[in-house]
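Okay, so here's the structure we're looking at.
Every number in this text was worked out from the coordinates using simple rules, so none of it is lab data. Keep in mind it's a predicted model, so treat the numbers as computed, not measured. Cβ atoms come from the backbone with ideal geometry, glycine included; neighbour counts cover every protein chain shown.
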Amino acid sequence: MDSYIEQLVEHKQDYRDFLIKVVMILSIFAILSLGVLFGLMVNAYLMVVGFFIAVFDIYFCWYVISGRRVEYEYTVTNNNLQIDKVMAKRRRKEVLSIDIKKIEGFDKITENRLNAKKCNKVFYLGTYEDDPSQHRFIVQTKNYGRIMVVFAPNEKVLNEIKKHLKPEVKIEMLKAASQK
């Protein structure tokens with residue numbers, strides 16, 4: 001029987017996003033102020049030019065700020081997990097597509113059983129980096145080598161992933177659960 005489950009997770013904005021918003025808004029005021037100042041001091045033509053530059057800056061700021069809204073879509077189809085990055089609901093990029101049976105280790109992020117030092121790269125594809133409800137797994141990929149993926153699945157996605165894990169990984173998870 002085929003199975004298909006998907007989930008959309010919104011990435012929480014952090015201080016970097018706030019800083020980008022502040023810089024963008026300050027750039028609008030700076031361009032408007034300089035346009036008015038040069039228009040009064042030199043020529044009224046420069047005020048009009050400054051106004052048009054400010055309009056383009058407003059559009060640019062809107063584009064950058066709205067582009068910082070990121071969601072991750074987890075799709076489990078049979079034994080395949082695909083994670084897509086959706087930026088501002090206008091662009092979609094496939095981040096990762098793996099066979100669940102190739103997962104070497106799987107745990108909740110608070111369990112600290114998996115070692116990130118043995119991985120080439122760590123992907124944070126969840127709500128935010130320090131969220132204790134997230135899970136992680138290690139997998140070998142063609143493009144990146146051995147990677148760790150941190151993500152925030154709901155119970156339906158989590159149960160579907162657990163169905164397709166290798167028996168060794170399931171046993172390791174059961175041992176860890178029994179030691180609590």
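Odds and ends about this structure:
- Rule-of-thumb Rg ratio for the stretch 15-67 [Cα; 2.2 N^0.38 Å; N residues]: 1.27
- Rel. contact order, % - alpha carbon contacts under 8 angstrom, at least six apart, the chain: 21 percent
- Taking N as the residue count of the stretch 72-180, its C-alpha radius of gyration divided by 2.2 N^0.38 Å amounts to 1.03.
- Between the helical axis of 15-41 and the longest alpha-carbon principal axis of the chain there is an angle of about 10 degrees.
- Using only side-chain charges placed at the Cβ, +1 for Lys and Arg and -1 for Asp and Glu, the dipole size of the chain relative to its Cα centre rounds to 520 debye.
- Top positive-direction residue, dipole computed over the stretch 1-76 with Cβ charges, set I5, G50, L40: L40
- Helix axis angle, 167-178 relative to the chain longest principal axis, alpha carbon, degrees: 90 degrees
- Max-minus-min Cα coordinates of the stretch 90-140 on each principal axis give 37, 25, 19 Å, with the largest extent listed first.
- Relative contact order, percent, the stretch 15-67 [alpha-carbon distance under 8 Å, six or more residues apart]: 36 percent
- Annotation: extensible slack from N80 through L8 equals 24.3 nm (criterion: 0.36 nm per residue apart, minus Cα-Cα distance).
- Calculated FRET efficiency for the pair E71/Q179, C-beta based, R₀ 30 Å, to 0.05: 0.30
- Working note: 222 nm ellipticity from helices only, DSSP H runs with n ≥ 4, each -39,500 (n - 2.57), summed and divided by the residues of the chain, gives -14000 deg cm²/dmol to the nearest 500.
- Applying both filters, DSSP loop and at most 16 other Cβ atoms within 10 Å, to the trypsin sites (Lys or Arg not before Pro) of the stretch 95-159 gives R113, K142.
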